[in-house]
Amino acid sequence: MNSNVETLIRIVDLHKSYYDGESELPVLQGINLEIYMSELLGIVGASGVGKSTLLHILGTLDRPTTGNVLYDEQDVFTLSDTELARFRNKEIGFVFQFHHLLPEFTALENVALGALITSSNNKSVYKEAEALLDYVGLSERLSHYPSQLSGGERQRVAIARALINQPKIVLADEPTGNLDRRSSEAVLELLWDLNAKSGQTFVIVTHNQELAQKVDRVIQLVDGKVF
């Protein structure tokens, strides 16, 4: 990686264990990693090696057992839970394998929800949500509910939702894992386009070899360590 590229996230000696009674299950065992501004980073590895655990800690959804995660040199796990939630909502977007859209809300409402929490201008939020849905090719689906959308369309709504607060980084956990090949290719094309045009950083956990071959950089997790 070019030395001129700015580091967005620095992970230092990260460990994560889970406990069942007195027995310890170590999952991450000393991760050291830098993630750069505007890069597409792929994380690969066998099932159960800790890929999703690492992504959840990166997304501040889970705290490490020991170690540090620094965003722009700010150690985020020194923040309180309330401060961390505020940071997460503002700085990080999430796309999961399953879209997790709220079934009782339309596509437009699902995208807008994340920004309505912090904005006092509902009109501008809905305008931005509409623009994002147009960008992901769903301008004709604004008032449709998740049950009225295809799997690929739901995932596009989820991507638009991840972008509503203009996060610095988008974390995607198997974003095409639940889609057919055609929908999968369309979603990947969209992620690449977003990265190229917006300069947002994407970290993508994947089993998809085609995806892994197209990212800027791939890291492999083996036995809780990066290779």
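Every number here is computed from the coordinates shown, using simple stated rules; none is lab data. Fair warning: this is a prediction, and the values are worked out from it, not measured in the lab. Positions of Cβ are generated from backbone atoms using ideal geometry, with glycine treated the same way; all protein chains shown enter the neighbour counts.
Here are a few things to note about the model shown:
- Between amide H atoms placed 1.01 Å from N, distances below 5 Å from Asp62 occur with Ile57, all of them 5 or more places distant or on a separate chain.
- If you take the Cα centroid of the stretch 29-75 and the Cα centroid of the stretch 95-110, the two points sit 25 Å apart.
- Cut-off under 5 Å, modelled amide H: who pairs with Val218 long-range: Gly42
- Where labels lie 7 Å past Cα in the beta-carbon direction, separation of Ser147 and Phe77 in nm: 4.2 nm
- Interchain or long-range residues, amide H under 5 Å from Val95's placed H: Leu171, Ala172, Asp173
- For the chain, the average shadow cast by the Cα convex hull is 13.4 nm², which is a quarter of the hull's surface.
- Excluding same-chain neighbours fewer than eight residues apart, the lysines reachable from Lys214 by a Cα-Cα span under 26 Å are Lys51, Lys168, Lys197, Lys225.
- Inter-label distance, nm, simple model (7 Å from Cα along the C-beta direction), Ala131/Lys197: 1.2 nm
- DSSP beta bridges in the stretch 7-226 [antiparallel fraction, %, rounded to 5]: 55 percent
- Cα-projected label distance for Leu61 with Asp223, points at 7 Å along beta-carbon direction, nm: 2.8 nm
- Sorted peptide list for 164-174, 55-65, 16-26, 133-143, criterion being average Cβ within 10 angstrom, highest first: 164-174, 55-65, 133-143, 16-26
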